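Undergrad: Have a look at the structure that comes next, please.
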Amino acid sequence: MDPELDAEQLDIVDIFNKTLMEFMSSRRTFWKEARDFLDAINWTEPLVVSLIVFHSVVLLLVLLSHRRFTLQAVIFFTIAVLCGSSQWLNSFLSEHWETVATQNYFDANGAFISIVFSLPLVLIGFLLVVMMVYSAGVLLVEVKKQELRRGGRVPRLRVVNPPSNASTRPTPSQTISESGGPEDKGGGPADTKKHQ
């Protein structure tokens, strides 16, 4: 073997080992910091309990609103507004933390409000989007089933004799037909045979 190649291979192995060791130590650091964060929160404090109840109620509303699109849209808009205002809420609560908590959770970085307030709302919003996409898929399948039951024919509304000039209005003899063919307002037998 070439000695230069062996040196290059050793350098690559050293770089890989250093990178792997840094990754493993950063992973341990992440879990240690996450554990420290969770230990720093007093989970029996009224603020934290209120947030847990609030998120539970929002989740329950989302689960119960699976057939009500308007309610889902209102919930989604509310979640978006709350997540968007979390920075303002953090700065407001950092000044007035004594009225809502026993310790100041609201740091300048907004870690507490992001993890304990916004993250659950984002997850609930994601669940809401998944539910809406599922409902849209079910609705699409129902529409296609109905279309196939009618023989694959979908009625289309068209103007029979469109005006040649867009500024002119259709005359009374120009009607809207479901089948798309010319239709006489008299409704005689000749017209009925055409449309059957």
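Undergrad: Normalized C-alpha radius of gyration of region 30-133, against 2.2 N^0.38 Å? Numbers along the way, then the final one.
TA: Details: Rg = 15.0 Å, N = 104, 2.2 N^0.38 = 12.8 Å.
That works out to 1.17 for region 30-133.
Undergrad: I need the per residue convex hull volume for region 95-147, using only the alpha carbons, in cubic angstrom as a whole number.
TA: Working: hull volume 5.0 nm³, N = 53.
For region 95-147, the hull spanned by Cα atoms encloses 94 Å³ per residue.
Each reported figure results from applying straightforward, stated rules to the coordinates on display, with no laboratory input. Note that the structure is predicted; figures quoted are calculated from it, not measured.
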